[in-house]
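The values are calculated or read from the model by the stated rules, or taken from the named source; none is laboratory data. The model shown is predicted, which means the values in this text are computed figures rather than measured ones. All Cβ positions, glycine included, derive from the backbone under ideal geometry; neighbour counts span all protein chains shown.
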Protein chains: 2
Amino acid sequence: MDQMKPCPANSCPQTPLTFLERAATVYGDSPSVVYKTTTHTWSQTHRRCLQLASSIAALGIQRGHVVSVVAPNTPAMYELHFAVPMSGAVLNTVNTRLDSQTISVLLRHAQSKLVFVDYHFRALVLEALSIYPPNIQHPKLVLIMDDVVSDSIPSSSTVSDYEGLVKTGDPEFKWIRPLNEWDPITLNYTSGTTSSPKGVVHSHRAIFVMTLDSLIDWSVPKHPIYLWTLPMFHSNGWCFTWGMAAVGGANVCLRKVDPPAVYSAIQRNHVTHMCGAPVILNMLSNFPSAVPLRNPVHFLTGGAPPPAAVLLRTESLGFVVSHGYGLTEVSGVVVSCSWKPEWNLLPAAERARLKARQGVRTVGLTEVDILDPVSGLSVKRDGSTLGDIVMRGGSLMLGYLKNPEATAKCMRENGWFYTGDVGVMHPDGYLEIKDRSKDIIITGGENVSSVEVESVLYSHPSVNEAAVVARPDEFWGETPCAFVNLKVGIDRKPTEKEVIEFCRAKLPHYMVPRTVVFREELPKTSTGKIQKTVLRDNAKAMGSLVAASRL
Amino acid sequence: MDQMKPCPANSCPQTPLTFLERAATVYGDSPSVVYKTTTHTWSQTHRRCLQLASSIAALGIQRGHVVSVVAPNTPAMYELHFAVPMSGAVLNTVNTRLDSQTISVLLRHAQSKLVFVDYHFRALVLEALSIYPPNIQHPKLVLIMDDVVSDSIPSSSTVSDYEGLVKTGDPEFKWIRPLNEWDPITLNYTSGTTSSPKGVVHSHRAIFVMTLDSLIDWSVPKHPIYLWTLPMFHSNGWCFTWGMAAVGGANVCLRKVDPPAVYSAIQRNHVTHMCGAPVILNMLSNFPSAVPLRNPVHFLTGGAPPPAAVLLRTESLGFVVSHGYGLTEVSGVVVSCSWKPEWNLLPAAERARLKARQGVRTVGLTEVDILDPVSGLSVKRDGSTLGDIVMRGGSLMLGYLKNPEATAKCMRENGWFYTGDVGVMHPDGYLEIKDRSKDIIITGGENVSSVEVESVLYSHPSVNEAAVVARPDEFWGETPCAFVNLKVGIDRKPTEKEVIEFCRAKLPHYMVPRTVVFREELPKTSTGKIQKTVLRDNAKAMGSLVAASRL
C-alpha cells in the first residue's frame, strides 16, 4: 500500500486543553473545584480560565513565553494549569519549598515573563527577584490573594491581582491553540535528589497521552472526588490536573497537607481518589486519631516503594493503595504495579512485597526494559540482575531546557530514555527499582542497593525512617552508612550495634551498614523524598573508616 | 522558549499492538477469548499471535501488504487484529454479508496478498476469486476451520490451514513495529449506505488514540466480559478489539447473533459489556422469552439513534444503554451522549429523547462543529438550524485508498473532516444528527430530515421498522416516501391512509409522507443499517406522483 500522508484534519495538535471546553458542556453543573467555602462548577472554571487566559495575553504574554506559578494547591493553582497554556504560554509551576536563591535561579533560567504568586509566598518571591542581577528584567507579578482580605496587601504598580485579572478578562476569548503538538506546554524543574535542578519541557502531545493513559491505568470513573495531597507543582500532579477535566472530577484543594486536614476533607467531601508519596501514606497511617474510612479511598502512590508496614496499616484503614512509578521526565506514572485478583489470596507480607514492586508499563508507554550497562542487552528476568531502567513512549519529555548535554545523556541515540534508575526484572515481567544509579554503593566490587538495605531497616520495630548512602572507605572503596530516624514514644532506643546486628541477621555481610547515625530528622526534598546528596556529603565529611577497625 | 525537536525516544510510533505484550504480562492467566468450549488466556493469545504473525511473514507478506479476513466473530478473527499488523501487514476485514462480486472487487482494489477465510465463507471467497481477470494474481488463502473436523476440507496446495500456521509459527518472533505512527494498520471498506464502497485507511496512531479514548468515554473497568455482537469487521469493532487487550477483558465470541444465543452467552459468561446497532437492541427487547438480566449489561449503541420504545424496553430488562456516534472514517465512537445524573429524574420519554441525541465529542477528539453549508460558520445552538457535521482529531483516517478525489472531498483544506451527516446543535451543546446529507428530502424548497419522519413512524404501535426516502415529484421536486415493516402478530394491519393520518397529527404538513409502502422486510447493510439507496431506487421506479392527485 502506498504511504498516505497526514492532512490538517487528522494531524491537528492533540492537547489536554480541549478537555476543559468539553467539561463545561458535559459536566457544566458539576463541581470542578472545592476549597474552603468555595465551590466552582465546570462551567465556571471554563469561563474563569478563558477570562484569565485573555488577561494573561493582555499583559503582553505571547506564544512560547514562560509563566511561573508559586502557589500551594488552591483553586488558582488549578485554574492556571489551563489558563496559562490557553494564553499560548508555557506553564512553570515552582516548588514552594525551595529557598529564594534557588527560585531566583530557576526564574532566570526559565526567562519567566510573569509570575503568579500566592500571598503566602509573596516575600519569598520578592526576595528571589531582589537578587536578580541589575541587567536582567524582572517578570511581572500577579498576586493570588486567596481568602485574605485585600487591604492587607500593599498596593504596588508592578503587582496585579488574580481575581482582578479573572474579572476583567474576556469570557469569549479565543484561546491560543498550539500550532504543533510538539509545542511546549509545561516546564518543570526536577526536585534534584541527585544533581542540580533541570528544566523538563513537555509537549502538548506528551501531556495529552499521559493524561488519558493515567485515567485508564487507574480505572478512574466519571465524577471522581479527587483530593489534592500531591502538590500540583510536582510533575503537574501526575497529569490528574488535566485528567479531572476529562472525567468531570471534583478537585478538592488543601492549602496544607496534615492528617487532620486530610481526614476531615475526605469525610466532608466523600473523597474517592488521591495521590501522594509513601510519606503521606505513612503520615496518615500513623495519625493517632485515624479511624477506618466510611468508604474506600483509592490512593495512588509513587516516588518510592511503599513500605510493607505502611501498606498494611493504610489498607486496614480503608485506603485502596496502588503503586506506580514515573519521573518528571515522563510526565507521570508510566509503570504501575498492576494488581492481579489472585494475589488477594496471599498472606499480607507477600502482598506487600508484590505491591512494593514498580510493575509493568501502562498502556500509553511504548516500551520499558532493563538493560545491562555494559552489553546494552536486556537483563535476565531473574529478579536479581541489576540493570538500567530505560523507556520509550509518547509521554516522554522534549528535553531539558537549554541543556542539550543533559538531554543527550538520557535521551539516547539508541531510542531509549535512561531513567537513571537501576532495577531488576522479575520472572513474571514486573520490574522493581533497586536504586537510583547514583545511590548504588560499590563495596569491594559488589553493587549494593541502598533501597534493599533500607527495607531491612524499615522492618525494625523502632525505625521510623531510614536512608543508606555510601561512606568512603580506604579498604573497600565504599561501605553502607545508614541514617536513621527513630519512632516517637518507643520504650528504649536501640544502639548502633543493635541495629547493625539486626541487619546482619537479614542481609549478606557486605550489604550490612558499617555505620549507623541516629537523626532527629532526615533532610527531605519538597516532595518528601529523602535527600541522599545531603546525607552522602555528611557521610563523606565523617571521613574514611580506618580499614583496621573493620577487619 | 526555543522550539525543541522530537527525538527517537519520545517520537517512537504509538500503536495499539503494544497492548498485547503487556496483556500477556499483566493479565496472563485471565481469559482473553471465550468461544464454545474454548477459553484462551492472554498469555496464550499473545503466543498464538506471535506464532501467527511469524507464519504470515513466512508466507512472503511484507510491510504494507494488505491481508484480508472473511470471518464471523471467532477467536481467529480476534487474533488476526493483532497478528496481521504484527507481521507488518495492513488488516482488511471484509464484510461477510457482501456478495462474491463485491468481495472480488474489494480484494482486487485492496491488492490483497493473503486472505484468511472462515470455512463457512469458503465457497463465497472461491467464487470471488474465480471472477478475477486472468492477468491478476490470486491472493494466497488460509482456511479457518474453527471447530469443523479437518477431514471435511478438501486439500489444496494453495490453501493453508489456520491452526497449522499457528502451530508452526515462532513464538519468539520479533513482531514488525511500524516505522512511523502514520503507517497504515487497517483498511476498512465502508458499508455503502450512500455510495459505492470506499477503502478507509487508518494509521497506527489513529487506532491507538481511538482505543484509549473509547475506554475512557465508556468508563470501561479492568477485566470486563465483552460480548461480541457488533461484527469485528464493522469499523474494527469500534476499536474494542484492541481495547480489550488494554484492560484485560474477555472477548466472548459468537458465530451468529440471535436472541437465544446472546441471552445464553450473557448468562453463561456473566457478560458486562457489549456493543451493537439499535437493531440488535430492538431484537433483544422483542425476544418473547426475554427475562430481566441478573446483572446490568452496559450496551453501547451507535449507527443510528435508538428509538425511544426500544430504549425503554431494553433498559427495563437491565441493559444500561449508552449512545454514541462515529463513522468508519473516524475509527470509532468520537461523539457520545454523555449522560448527566440529573437526567435520571426526568420522565421516561424525555430521557429517551435526550439519549437519542448523538451528544458531545469524546476527550480524544479535538473538535466537532456544525457548519452552515453556505457561510461555513457554526450554526446557531438552537436545536433546529441544520448544518454539516464536521470534525478534526487524531483518530481520523489517513484517507480513502487510491481515491484522492473522495479523500479531498471530505478531508478539506480548511482542516475539517466533513462527515456527510447533517445535524443541529442544541442549546446545551449536544449535537443531534438529523440525516445523512444525501438522505435529506427537499420538498417545495423545505429540507425534511428523513430521520425525523421515521421517528414518528416508529412511535406508531404497529410499526416495526420504517425508512423514509425521497420520491420524485413533478410539482414539489421530491416528497417523503415511507417504507414500513409491520410488527408480527398485530391484530389489524393499518392502511396507508391511517399511517399518513397518524403522521399528520404529529408533523408539519410538508414533512408527512405522501406514499407509504408496506414491506415484509427492508433491505439492510451487513451492519444492520437500512439501505436507503435501494429504497430510493424503489421510490424512483414508482415514478412521479401526479401533482393533481395531491392538491
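Look at region B:393-415: where a residue is more than 8 Å from chain A (Cβ to nearest Cβ) and a partner is of a type in the set (Phe, Trp, Tyr) and surrounded by fewer than 20 Cβ atoms within 10 Å (Cβ to Cβ), sitting 6+ places away or on another chain with Cβ atoms under 7 Å, you get B:CYS410/B:TYR418.
Kindly evaluate B:ARG471 against the criterion of being among the basic types (Lys, Arg), modelled with pLDDT of 90 or more and crowded, with 23+ Cβ neighbours inside 10 Å. Criteria met by B:ARG471.
Can you confirm whether B:CYS481 is outside the structural domain of B:LEU230 (by TED's automatic domain parsing), closer than 15 Å to B:ILE442 by Cα and outside any loop (DSSP other than H, G, I, E, B)? When the stated conditions are applied, B:CYS481 passes them. Going by the structure shown, is B:VAL115 within 14 Å of chain A (Cβ to nearest Cβ) and not in a loop (DSSP other than H, G, I, E, B)? So B:VAL115 fails the test. Pairing residues of region A:471-497 that are touching a residue at least 12 places away in the same chain (Cβ under 8 Å) with residues that are among the aromatic types (Phe, Trp, Tyr) and part of a strand (DSSP E or B), at Cβ distances under 6 Å and at least 6 apart in sequence or on separate chains, gives A:VAL484/A:PHE518.
In this structure, is B:VAL291 of a type in the set (A, V, I, L, M, F, W, C), touching a residue at least 60 places away in the same chain (Cβ under 8 Å) and touching a Leu at 6+ places or on another chain (Cβ under 9 Å)? Here the answer is no, as B:VAL291 does not meet what is asked.
Would you confirm, using the coordinates I've provided, whether A:LEU98 is among the aliphatic types (A, V, I, L, M) and at pLDDT 90 or above? So A:LEU98 fails the test. Output yes when any residue across region B:244-256 is at pLDDT below 95 and not assigned by TED's automatic domain parsing to the domain that holds B:VAL453, and no when none is. Yes - at least one qualifying residue is present in region B:244-256. In region B:308-315 there is at least one residue matching the filter, namely being touching a helix residue (DSSP H, G or I) at 6+ places or on another chain (Cβ under 6 Å) and among the hydroxyl-bearing types (Ser, Thr, Tyr).
Looking across region B:420-432 at every residue that is within 11 Å of chain A (Cβ to nearest Cβ) and part of a strand (DSSP E or B), the one that is farthest from the chain's Cα centre (by Cα) is identified as B:MET425.
Restricting A:GLU501, A:GLU454 to those that are surrounded by fewer than 16 Cβ atoms within 10 Å (Cβ to Cβ) and not in a strand (DSSP E or B) reduces the list to A:GLU501. Can you go through A:SER235, A:SER289 and tell me which one is within 19 Å of A:PHE319 (Cα to Cα) and not assigned by TED's automatic domain parsing to the domain that holds A:ALA466? Sole residue among the options that is within 19 Å of A:PHE319 (Cα to Cα) and not assigned by TED's automatic domain parsing to the domain that holds A:ALA466: A:SER289.
Restricting to region A:19-40, name every residue that is within 24 Å of the chain's Cα centre (by Cα) and either surrounded by fewer than 20 Cβ atoms within 10 Å (Cβ to Cβ) or facing another protein chain (nearest Cβ under 8 Å) (or both). Matches in region A:19-40: A:PHE19 only. When region A:221-261 is limited to residues that are among the aromatic types (Phe, Trp, Tyr) and more than 18 Å from B:ILE216 (Cβ to Cβ), the one that is farthest from the chain's Cα centre (by Cα) turns out to be A:TRP228. When B:SER11 is tested against (1) within 11 Å of chain A (Cβ to nearest Cβ); (2) crowded, with 24+ Cβ neighbours inside 10 Å; (3) of a type in the set (S, T, N, Q), just one condition goes unmet, and that condition is (2). The set of residues in region A:88-110 that are within 14 Å of chain B (Cβ to nearest Cβ) and under 20 Å from A:PRO178 (Cα atoms) comprises A:GLY88, A:ALA89, A:VAL90, A:LEU91, A:ASN92, A:ALA110. Residues that are of a type outside the set (Asp, Glu) and not in a loop (DSSP other than H, G, I, E, B) within region A:360-386 comprise A:VAL360, A:ARG361, A:LEU365, A:THR366, A:VAL368, A:ILE370, A:LEU371, A:SER378, listed in sequence order.
Restricting region B:330-359 to residues that are outside any helix (DSSP H, G or I) and charged (D, E, K, R), the residue that is farthest from the other protein chains (Cβ to nearest Cβ) is B:ARG357. Taken as a whole, the structure places A:HIS46 among residues that are closer than 13 Å to A:VAL166 by Cβ, in contact with a Leu (Cβ under 6 Å, 6 or more places away or on another chain) and in the same structural domain as A:THR190 (by TED's automatic domain parsing). Given A:LEU293, A:LEU312, which one is in contact with a Lys or Arg (Cβ under 9 Å, 6 or more places away or on another chain) and more than 30 Å from B:CYS7 (Cα to Cα)? Unique residue meeting the criteria: A:LEU312. Got at least one residue in region B:397-405 being in a loop (DSSP other than H, G, I, E, B), under 20 Å from the mean Cα position of the chain (by Cα) and basic (Lys, Arg)? Looking through region B:397-405, none of the residues is in a loop (DSSP other than H, G, I, E, B), under 20 Å from the mean Cα position of the chain (by Cα) and basic (Lys, Arg). Each residue in region B:406-419 was checked for being among the basic types (Lys, Arg) and outside any helix (DSSP H, G or I), and 1 pass.
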